[in-house]
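K.L.:
Below is one structure. I have some questions about it.
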Amino acid sequence: MLPSNATKTAAFTLIELLVVLAILGLLSTLMATSVMNALTQGKVTVSLSNLRQLGTAMIAYSTDHQGNLPPSMSSNNLVRWHGSRNSVSEAFGASGGYLSDYLGEDQRIKQCPLLGSKAIKSGSFELGAGGYGYNGSYLGGGFIEGKHHPVTISSIGNLHQVIAFATTAFANKNGLQEYPFTDPYTAPSGGYALQPSTHFRANGKALICWADGHVSKEKPNKEDGPNYYGGDNAAHEIGWFGPTTDNGYWNPR
C-alpha cells in the first residue's frame with residue numbers, strides 16, 4: 001500500500017505504445033499516398049494540356065492546308081508529324097515536323113511528365129514525340145503513288161469519336177520506349193495485326209485527344225495484341241480501348 005503522500009506516475013503500457021506507433025505509421029502512409037496522388041494528378045493535368053495543344057495545332061494546320069490533316073510522315077521518312085531528321089540512320093529530333101510551326105515559340109512538342117524515367121533511351125528507335133502518338137494510320141493517310149494522302153477534317157462526320165492523339169509507348173525487349181503513333185488493332189491496308197501502342201500510364205488510364213479537340217481519360221479493354229519486338233504489353237500497361245469492330249475509334253469512316 002502506497003503512503004498517503006505518494007504520487008502515482010502515469011505511464012504507457014507496451015500495448016498502448018504499439019497502438020500509437022501503428023496509428024502514426026498509418027497516418028504517414030495515408031499522407032504519403034495523398035501526396036503521391038496529388039503529384040500524379042498534377043502530371044495528368046499537364047499531360048492533358050499538352051494533348052489539347054496538339055489537337056489545336058492539328059486543327060490549325062488543317063485550316064492552312066485546305067482542310068487536310070497533317071501527314072504522318074514524308075515519303076522519304078525524314079519528316080514526321082512531330083519532328084525531322086537528316087538521314088534514316090538518325091533518331092528524330094523534336095522540331096521541323098509538320099506540326100512544329102503550330103506549337104508555340106519553341107516549336108517543339110512538350111514531354112509528357114507521366115512518362116518520365118519510365119522510357120528507355122538506349123535501344124529506342126523512335127524519339128522526339130514527347131510520349132504522344134498520332135492516329136497516323138487513318139488521319140495521317142496511307143501511301144498512294146509514293147506520297148501520303150491524309151484525310152480532310154471535313155470528311156470526318158463524328159470528330160468527337162475519332163482518336164487524334166494519345167499517350168503512347170512501345171514495348172520492346174529492352175523495356176519501354178517512346179513511340180509517335182497510336183496504332184489501331186489491324187493495319188488499314190493489309191489487315192495484319194498491329195502491336196498496341198496506347199499507354200495507360202495515368203493511374204491505369206490513357207489520355208486521349210479526339211479529332212474535335214476535346215480530351216478524356218480512358219480505361220483499357222481486354223484485347224491483347226502481338227509483341228513483335230520481344231516486349232511485354234501487359235506488364236507496361238499498353239493496349240487498346242473501346243470497340244474493336246472496323247478498328248473502333250481509330251477509323252473515321
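K.L.:
Any idea how many residues of the range 215-234 are surrounded by 13 or more Cβ atoms within 10 Å (Cβ to Cβ) and touching a residue at least 24 places away in the same chain (Cβ under 8 Å)?
P.N.:
Residues flagged as surrounded by 13 or more Cβ atoms within 10 Å (Cβ to Cβ) and touching a residue at least 24 places away in the same chain (Cβ under 8 Å) within the range 215-234 amount to 10.
K.L.:
Here's another thing I want to ask about it. Looking at the range 50-79 only, could you name the residues that are in a loop (DSSP other than H, G, I, E, B), touching a residue at least 24 places away in the same chain (Cβ under 8 Å) and closer than 19 Å to GLY96 by Cβ?
P.N.:
LEU69, PRO70, PRO71, SER72, SER74, SER75
K.L.:
I'd like the residue in the range 226-253 that is at pLDDT 95 or above and touching a helix residue (DSSP H, G or I) at 6+ places or on another chain (Cβ under 8 Å) and, out of all such residues, is nearest to PRO196 (Cα to Cα).
P.N.:
The qualifying residue nearest to PRO196 (Cα to Cα) is TRP240.
K.L.:
Also, quick follow-up: Please tell me if ALA164 is small (Gly, Ala, Ser), modelled with pLDDT under 95 and either under 18 Å from HIS82 (Cα atoms) or assigned to a loop (DSSP other than H, G, I, E, B) (or both).
P.N.:
In short, no.
K.L.:
Kindly list, by first and then second residue, each pair from a residue in the range 137-158 that is closer than 18 Å to VAL79 by Cα to a residue that is at pLDDT 80 or above and acidic (Asp, Glu), limited to pairs with Cβ atoms under 9 Å and residues at least 6 apart or on different chains.
P.N.:
That search, which allows pairs on different chains as well, returns SER137/ASP183.
K.L.:
Please go through the range 173-219 and pick out each residue that is out of contact with any Ser or Thr (no Cβ under 8 Å at 6 or more places or on another chain), on the phi < 0 side of the Ramachandran plot and in a strand (DSSP E or B).
P.N.:
If the condition is that a residue be out of contact with any Ser or Thr (no Cβ under 8 Å at 6 or more places or on another chain), on the phi < 0 side of the Ramachandran plot and in a strand (DSSP E or B), then LEU176, THR186, CYS209, VAL215, SER216, LYS217, GLU218 are the ones that fit.
The values are calculated or read from the model by the stated rules, or taken from the named source; none is laboratory data. If you're wondering where the values come from, they're calculated on a predicted model, not measured in any experiment. With ideal geometry, Cβ positions are generated from the backbone for all residues, glycine too; neighbour counts draw on all protein chains shown.
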